[in-house]
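Where a number appears in this text, it was derived from the coordinates with a stated rule and is not lab data. In this text, all values refer to a predicted model and were calculated from it rather than measured experimentally. All Cβ positions, even for glycine, are placed from backbone atoms using ideal geometry, and neighbour counts span all protein chains on display.
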Amino acid sequence: MKASELRNLDVATLRRIEARYGQFIPPERLAAAQECAVCYLDTPQMDAYLRQRRPDLTPTERAQILGLYDRERGAIVAASDRQMVLLPSTITPERLHSLSDPRYTEVMGLRLTEGTTEMLAQRIRRDMPLAGQPSIYPNETALLERLAARIGEARVSRAYFRGEMNQLAAELDRQLGKGAFNAVVHHARNGNWTAANRVLERGLR
């Protein structure tokens, strides 16, 4: 893709996110996102960036990363010459990460944050359209789909973008019993998807 095409892709993605989820995103965060363009790196540049920012990653893990949001620097980076067909789908979740509230990850953990991001990204892909891309977090995404179906996607969106965690937790506990929310998060953090889904389906019985 040419530089202009990459830029247009980023602008279009951000517009679709604003159109679908703008009501939940704090205006100042959305304004900041509009001023932050995606930094496209070739493979050697991406590898060097990841070596510096994520020294914990193995060479294989670095090679698999197509994009990421660096919250500390407030920057989005994407590999511009790796699997070009996946690049449009890469930009969407990283843009969502940049617009999310850090309190969501603090409470939900990384697994459920990635599941939420992927769930929301799938909505945007259908809008653009970019449907048909497989989820790289299938268990996490499936759990969030069930959670959103039970308590409403609006509550999940407010928690994700605004950090309004109390409403999400209170509604789940109201439906499934006190402690249900904490149980789901606990099981998900440990990768126990069967137990997490059981709580969502049956409560704490």
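What number results when the radius of gyration of the range 1-99, computed over Cα atoms, is divided by 2.2 N^0.38 Å?
Against the empirical 2.2 N^0.38 Å value, I get 1.08 for the range 1-99.
Is the shape of the range 1-54 best called rounded, prolate or oblate, per the rule: a/c under 1.5 gives rounded, else a/b larger than b/c gives prolate, else oblate, with a ≥ b ≥ c the square roots of the Cα gyration tensor eigenvalues? The shape class here is oblate.
In the chain, if the dipole is taken from +1 on Lys/Arg beta carbons and -1 on Asp/Glu beta carbons about the Cα centre, which of G203, A148, P27 is farthest to the positive end? The residue sitting farthest along the positive end of the dipole is G203. For T58 and W193, the FRET efficiency from 1/(1 + (r/R0)^6), where r spans their Cβ atoms and R0 equals 25 Å, is about 0.50.
For the chain, a Gaussian network of Cα nodes joined below 10 Å ranks T58, T92, T13 by mean-square fluctuation, and the top entry is T58. Diffusion coefficient (Stokes-Einstein, Kirkwood radius over C-alpha pairs, 25 °C, 0.890 mPa s) for the chain: 138 µm²/s, rounded to a whole number. In sequence order, the range 68-78 has phi-based couplings of 7, 9, 9, 4, 4, 9, x, 10, 10, 10, 9 Hz under the Karplus curve 6.51 cos²θ - 1.76 cosθ + 1.60, θ = phi - 60°, and Gly or Pro positions carry x. For the range 90-197, the normalised intensity computed at q = 0.17 Å⁻¹ comes to -0.75 (log10 of I(q)/I(0), Debye sum over alpha carbons, equal scatterers, no solvent).
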